[in-house]
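Heads up: the structure comes next, in structure tokens.
The values are calculated or read from the model by the stated rules, or taken from the named source; none is laboratory data. Computed from a predicted structure; not experimentally measured. Ideal geometry is used to build each Cβ from the backbone, glycine not excepted, and the neighbour counts take in all protein chains shown. Surface areas here come from the heavy atoms of the whole protein model, side chains and all, with no ligands, DNA or RNA. Shrake-Rupley method; radii C 1.70, N 1.55, O 1.52, S 1.80 Å.
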Amino acid sequence: MDMKETRIGGELIYDGIIVHLFKDDVTLPNGKNAVREVIRHQGAVCVVAVDNNNNIYLVKQFRYPFNDVIAEIPAGKLDARETPLEGAARELREETGIIANNYEYLGELYTSPAFLDEIIHMYLATDLSFVEQDPDEDEFVEVEKVNIDDFVKEIMNGKIPDSKTQTAVLKAYLLLKRDR
């Protein structure tokens with residue numbers, strides 16, 4: 001069965017710094033027309049940095065949409081003409097002051113595929129060294145070191161709501177268990 005929807009027109013409703021909102025007219029597989037509101041995003045990266053003592057490094061930061069401080073793995077949007085690996089290394093260094101010698105790609109995460117085209121590229125970083133943090137001027141983060149086994153328990157107990165952190169940490173945890 002062909003389930004593809006075909007764009008037949010549309011308009012840009014909002015052109016922001018991070019997101020761009022479109023209202024698209026589409027033809028459905030059954031030939032009828034519908035409207036799709038889509039937020040376009042340039043893409044992002046996230047990194048699970050694991051040291052030799054089985055600790056991961058989180059950043060705590062205020063997240064305005066939820067009016068709360070949230071513990072997450074280091075992450076951020078891709079810059080123009082930057083590869084996902086370059087973005088991951090940059091975000092990890094800026095937010096935590098960590099430089100990793102090894103990166104393993106954990107795959108892509110579609111955060112909200114019903115209305116958002118954001119793809120987050122997930123990485124596991126190992127063989128870590130430490131330099132000074134260099135966050136963006138509008139970024140206020142606190143770095144926290146947590147044992148990965150304890151953090152996985154927090155995820156499984158529903159204490160970590162961030163989807164990229166849940167997904168990437170659980171994938172990294174399973175890879176690391178397999179390699180032990």
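Okay, here's what the table says:
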read-out: Unmet requirement for GLU132, which otherwise passes all of (1) under 20 Å from ILE70 (Cα atoms); (2) part of a loop (DSSP other than H, G, I, E, B); (3) open to solvent by 70 Å² or more (accessible area, probe 1.4 Å); value: (1)
read-out: Residue list for the range 1-31, filter: of a type in the set (A, V, I, L, M, F, W, C), out of contact with any Pro (no Cβ under 8 Å at 6 or more places or on another chain) and not in a strand (DSSP E or B); value: ILE17, ILE18, LEU28
read-out: Condition met for GLU95 (under 16 Å from the mean Cα position of the chain (by Cα), more than 20 Å from VAL152 (Cα to Cα) and open to solvent by less than 20 Å² (accessible area, probe 1.4 Å)); value: yes
read-out: ILE70 vs. criteria of a type in the set (A, V, I, L, M, F, W, C) and in contact with a Phe, Trp or Tyr (Cβ under 7 Å, 6 or more places away or on another chain); value: no
read-out: Residue satisfying all of: in the range 40-73; farther than 21 Å from ASP138 by Cα and surrounded by 13 or more Cβ atoms within 10 Å (Cβ to Cβ); nearest to the chain's Cα centre (by Cα) among these; value: VAL48
read-out: Neighbours by Cβ (under 8 Å, 6+ apart or cross-chain): first from the range 78-107, under 11 Å from SER129 (Cα atoms); second in a helix (DSSP H, G or I) and hydrophobic (A, V, I, L, M, F, W, C); value: ILE98/LEU92; ILE99/ALA89; ILE99/LEU92; ALA100/ALA89; ALA100/LEU92
read-out: One residue from GLU104, GLU82, GLU37, GLU108 being touching a helix residue (DSSP H, G or I) at 6+ places or on another chain (Cβ under 8 Å), in a strand (DSSP E or B) and either of a type in the set (D, E, K, R) or open to solvent by 90 Å² or more (accessible area, probe 1.4 Å) (or both); value: GLU104
read-out: Selection within the range 1-34 - aromatic (Phe, Trp, Tyr) and surrounded by 14 or more Cβ atoms within 10 Å (Cβ to Cβ); value: PHE22
read-out: Tally, over the range 120-129, of residues that are farther than 18 Å from ASN54 by Cα and either assigned to a loop (DSSP other than H, G, I, E, B) or open to solvent by 50 Å² or more (accessible area, probe 1.4 Å) (or both); value: 0
